[in-house]
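Asks: Can you keep this structure in mind? I'll have questions shortly.
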Amino acid sequence: MDQDTMARLQQAGLDYSQLQHLRQPPTVTGDFAADAAAHRAHWAALDAMETRLDGSDGEAVDALHRHGDDSREDFLDRHAATLYDTLTDGRGRFVRAEQLVTDAARAVPGLVPGTAALAEDAGRKLADKRGVERHQGRLFAKILALPEAGAHLCHAMLLPRAESAEALARFRRDGRLDLGRARLERKGAAAHVIMSHPDNLNAEDDTTIPPLETAVDVVLMDPDVAIGVLRGDRVNHPKHAGRHLFSSGINLTGLYWGNVSYMFYLVRDLGLVNKMFRGIARPDRDPSEVGGGSTEKLWVAGVEGFAIGGGCQLLLVMDYVIAEQGAYLTLPARKEGIIPGMANLRLPRLVGDKVARQAILNDRRIECDSPEGRMVCDEIVPAGDVGAALDRVVDGLATSGVVSAAGNRRALRMSAEPIDLFRQYAAVYAREQAYCHLSPALVSNLERFWQANRRAVH
């Protein structure tokens, strides 16, 4: 740390013993246990300094953050693989991302925030958060960048959720399943997954992902289901009351008020969305395209009204998309200030690089019934006819046979997005999204374009 910054920190109230931690930061020796102990003490000292400053000097706090970020980066550059092997018993045990980050906080305190630090930060609106979640992004970026550890984590996130076996039993018994934010209904050879957040235009947040992923698990696990159907529920908004709408994307009001966690992004895209794209894995089989050890099925979506942000991202992994006349797609990443999931990887394949850049970087709206929209949507039907069209398409797919569907999906992915390419993209996404999620620009965008500061959380 340079002398000017050290002088500023001293002026801000830090004493000589505290500043010594900045003058002589721990070096990475290669001994995991020794390095973990030395860095744990160092990060604890940095936290104590930040508490001492208590936000009185923003630039001084930022300097501490940069110093802590650099030391965590150095530690993970050397020890990410060892840490992952420690947490997974040498990759002999699959651990989902949510549990992995909790275990990492216990194994190396200070590397990522623990339960108490996250709980404290969760009570703050986005603009007031301490930013500790950025350390989670760094951890996952480093792990996903490692070919073996990253592939193992991707495999873990493709396994069924712990609650899915019991949900499958209920669905097979009753032919329907109500998980709150998601419902599942059997219709012939298909299972209809209904995204249900009616007070928020079927927006996504931390409350929607677990039930929706469980519903997807059930579709993929049920041997009597050949096709999955994805549709939005009827909503309560005065402008659209009683209408089916597909999805308005991430819950921007909840995001502004601090109710959407960083882990939402990773769990959603490594778990929920990737399962629709690649199928569900087995612990004893390689789920890659070459290994073929996954169970996957065709997915059909019905779009009513709009598919905004995350809603549009879901369409990029569908096998067939039906949209009503007048429906539209947007990826308002510029107005939101975040990365739109895996859309940067997938949208250019469908609409071309130029249109994808216009949509992601310049908020271009794509009408479903347009040349570009028809590169995402397979069929446009009159408003009000989406339900009947879904039944017709599903019946046609089922009666013509879907035996080759999984093989053809794998073959198509092999040339476009094999799982190793996905892993590398996810490493970049994990890092960049952490900084976007905690950026002052995101807060400003939410106030400017969404007026989130004037909206109540539902």
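Asks: Quick one: which residue in Arg78, Arg72 is charged (D, E, K, R), in contact with a Phe, Trp or Tyr (Cβ under 9 Å, 6 or more places away or on another chain) and surrounded by fewer than 18 Cβ atoms within 10 Å (Cβ to Cβ)?
Replies: Arg78
Asks: While we're looking at this one, here's another question. Examine the range 362-383 for a residue that is more than 26 Å from Arg278 (Cα to Cα), modelled with pLDDT under 95 and in a helix (DSSP H, G or I), and state whether such a residue exists.
Replies: yes
Asks: In addition: Could you figure out which of (1) surrounded by 17 or more Cβ atoms within 10 Å (Cβ to Cβ); (2) touching a Lys or Arg at 6+ places or on another chain (Cβ under 9 Å); (3) modelled with pLDDT of 85 or more; (4) more than 29 Å from His155 (Cα to Cα) isn't true of His42?
Replies: It is condition (2) that His42 fails.
Asks: Considering only residues that are without any contact (Cβ under 8 Å) to a residue 12 or more places away in the chain and part of a helix (DSSP H, G or I), look in the range 17-40 and name the one that is farthest from Tyr84 (Cα to Cα).
Replies: Ser17
Asks: So which of Ala44, Ala63, Ala105 is part of a helix (DSSP H, G or I) and in contact with a Pro (Cβ under 7 Å, 6 or more places away or on another chain)?
Replies: Working: Ala44 fails: in contact with a Pro (Cβ under 7 Å, 6 or more places away or on another chain); Ala63 fails: in contact with a Pro (Cβ under 7 Å, 6 or more places away or on another chain).
Among Ala44, Ala63, Ala105, only Ala105 is part of a helix (DSSP H, G or I) and in contact with a Pro (Cβ under 7 Å, 6 or more places away or on another chain).
Asks: Of the numbered conditions (1) in contact with a strand residue (DSSP E or B) (Cβ under 8 Å, 6 or more places away or on another chain); (2) surrounded by fewer than 19 Cβ atoms within 10 Å (Cβ to Cβ); (3) not basic (Lys, Arg), Gly305 fails exactly one; give the number of that condition.
Replies: Unmet for Gly305, out of (1) in contact with a strand residue (DSSP E or B) (Cβ under 8 Å, 6 or more places away or on another chain); (2) surrounded by fewer than 19 Cβ atoms within 10 Å (Cβ to Cβ); (3) not basic (Lys, Arg): (2).
Asks: So which residues in the range 128-139 are modelled with pLDDT under 95 and not in a loop (DSSP other than H, G, I, E, B)?
Replies: If the condition is that a residue be modelled with pLDDT under 95 and not in a loop (DSSP other than H, G, I, E, B), then Asp128 is the only one that fits.
Asks: Here is a list: Arg409, Arg431. Which entry is in contact with a helix residue (DSSP H, G or I) (Cβ under 6 Å, 6 or more places away or on another chain) and part of a helix (DSSP H, G or I)?
Replies: Details: Arg409 fails: in contact with a helix residue (DSSP H, G or I) (Cβ under 6 Å, 6 or more places away or on another chain).
Every option except Arg431 fails the conditions.
Asks: Look through Gly341, Gly373 and report the one residue that is surrounded by 18 or more Cβ atoms within 10 Å (Cβ to Cβ), within 27 Å of His240 (Cα to Cα) and under 18 Å from the mean Cα position of the chain (by Cα).
Replies: Working: Gly373 fails: under 18 Å from the mean Cα position of the chain (by Cα).
Matching residue, one of Gly341, Gly373: Gly341.
Asks: Same structure, new question: List every residue pair whose Cβ atoms lie under 8 Å apart, where the two residues are 6 or more positions apart in sequence or sit on different chains, the first residue falls within the range 159-170 and is touching a residue at least 12 places away in the same chain (Cβ under 8 Å), and the second residue, located anywhere, is among the hydrophobic types (A, V, I, L, M, F, W, C) and part of a loop (DSSP other than H, G, I, E, B).
Replies: Between residues of the range 159-170 that are touching a residue at least 12 places away in the same chain (Cβ under 8 Å) and residues that are among the hydrophobic types (A, V, I, L, M, F, W, C) and part of a loop (DSSP other than H, G, I, E, B), the close pairs are Leu159/Phe94; Ala167/Leu179.
Residue by residue, here is whether (1) more than 21 Å from Met157 (Cα to Cα); (2) of a type in the set (Val, Ile, Thr); (3) surrounded by fewer than 19 Cβ atoms within 10 Å (Cβ to Cβ); (4) touching a Lys or Arg at 6+ places or on another chain (Cβ under 7 Å) holds:
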site	(1), (2), (3), (4)
Leu177	yes, no, no, yes
Gly180	yes, no, yes, no
Glu185	yes, no, yes, yes
His192	yes, no, no, yes
His197	yes, no, no, yes
Glu213	no, no, no, yes
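Asks: Of the residues in the range 384-406, how many are outside any helix (DSSP H, G or I) and surrounded by 12 or more Cβ atoms within 10 Å (Cβ to Cβ)?
Replies: First, the residues of the range 384-406 that are outside any helix (DSSP H, G or I): 384-385, 401-404.
Checking which are surrounded by 12 or more Cβ atoms within 10 Å (Cβ to Cβ) leaves us with 384-385, 402.
The number of residues fulfilling the criteria is 3.
Asks: Of all residues in the range 92-137 being of a type in the set (S, T, N, Q) and buried (at least 17 other Cβ atoms within 10 Å of the Cβ), which is farthest from Tyr256 (Cα to Cα)?
Replies: In this case the residue turns out to be Thr102.
Asks: Further, regarding this structure: From (1) in contact (Cβ under 8 Å) with a residue 24 or more places away in the chain; (2) out of contact with any Ser or Thr (no Cβ under 9 Å at 6 or more places or on another chain), pick out the condition that doesn't hold for Ala107.
Replies: Of the numbered conditions (1) in contact (Cβ under 8 Å) with a residue 24 or more places away in the chain; (2) out of contact with any Ser or Thr (no Cβ under 9 Å at 6 or more places or on another chain), the odd one out for Ala107 is (2).
Asks: For Arg96, which of the numbered conditions (1) under 21 Å from the mean Cα position of the chain (by Cα); (2) within 30 Å of Asn445 (Cα to Cα); (3) of a type outside the set (Val, Ile, Thr) fails to hold?
Replies: Failing condition for Arg96: (2).
Asks: Looking for something in a strand (DSSP E or B) and surrounded by 17 or more Cβ atoms within 10 Å (Cβ to Cβ) - is there at least one such residue anywhere in the range 347-357?
Replies: Narrowing the range 347-357 to residues in a strand (DSSP E or B): none.
No, the conditions are met nowhere in the range 347-357.
Asks: Could you tell me which of the residues Val317, Val321, Val300 is within 19 Å of Val376 (Cα to Cα), touching a strand residue (DSSP E or B) at 6+ places or on another chain (Cβ under 9 Å) and assigned to a loop (DSSP other than H, G, I, E, B)? If you could, list the steps in order and put the result at the bottom.
Replies: Details: Val321 fails: assigned to a loop (DSSP other than H, G, I, E, B); Val300 fails: assigned to a loop (DSSP other than H, G, I, E, B).
After ruling out the rest, the residue left standing is Val317.
Asks: Test each condition in (1) free of Cβ contacts under 8 Å to residues at least 12 places away in the same chain; (2) of a type in the set (Gly, Ala, Ser); (3) surrounded by 19 or more Cβ atoms within 10 Å (Cβ to Cβ) for Gly310 and report the one that comes out false.
Replies: (1)
Asks: With respect to the numbered conditions (1) within 17 Å of Ala434 (Cβ to Cβ); (2) touching a strand residue (DSSP E or B) at 6+ places or on another chain (Cβ under 8 Å); (3) aliphatic (A, V, I, L, M), which one is the sole condition not fulfilled by Ala80?
Replies: (2)
Asks: Also, quick follow-up: Report whether or not Asp391 is in contact with a Lys or Arg (Cβ under 6 Å, 6 or more places away or on another chain), assigned by TED's automatic domain parsing to the domain that holds Lys297 and among the acidic types (Asp, Glu).
Replies: The answer is no for Asp391.
The values are calculated or read from the model by the stated rules, or taken from the named source; none is laboratory data. Every value quoted in this text rests on a predicted model; they were computed, and no experiment measured them. Methodologically, a virtual Cβ is constructed for each residue, glycine included, from the backbone with ideal geometry; neighbour enumeration extends over all protein chains shown.
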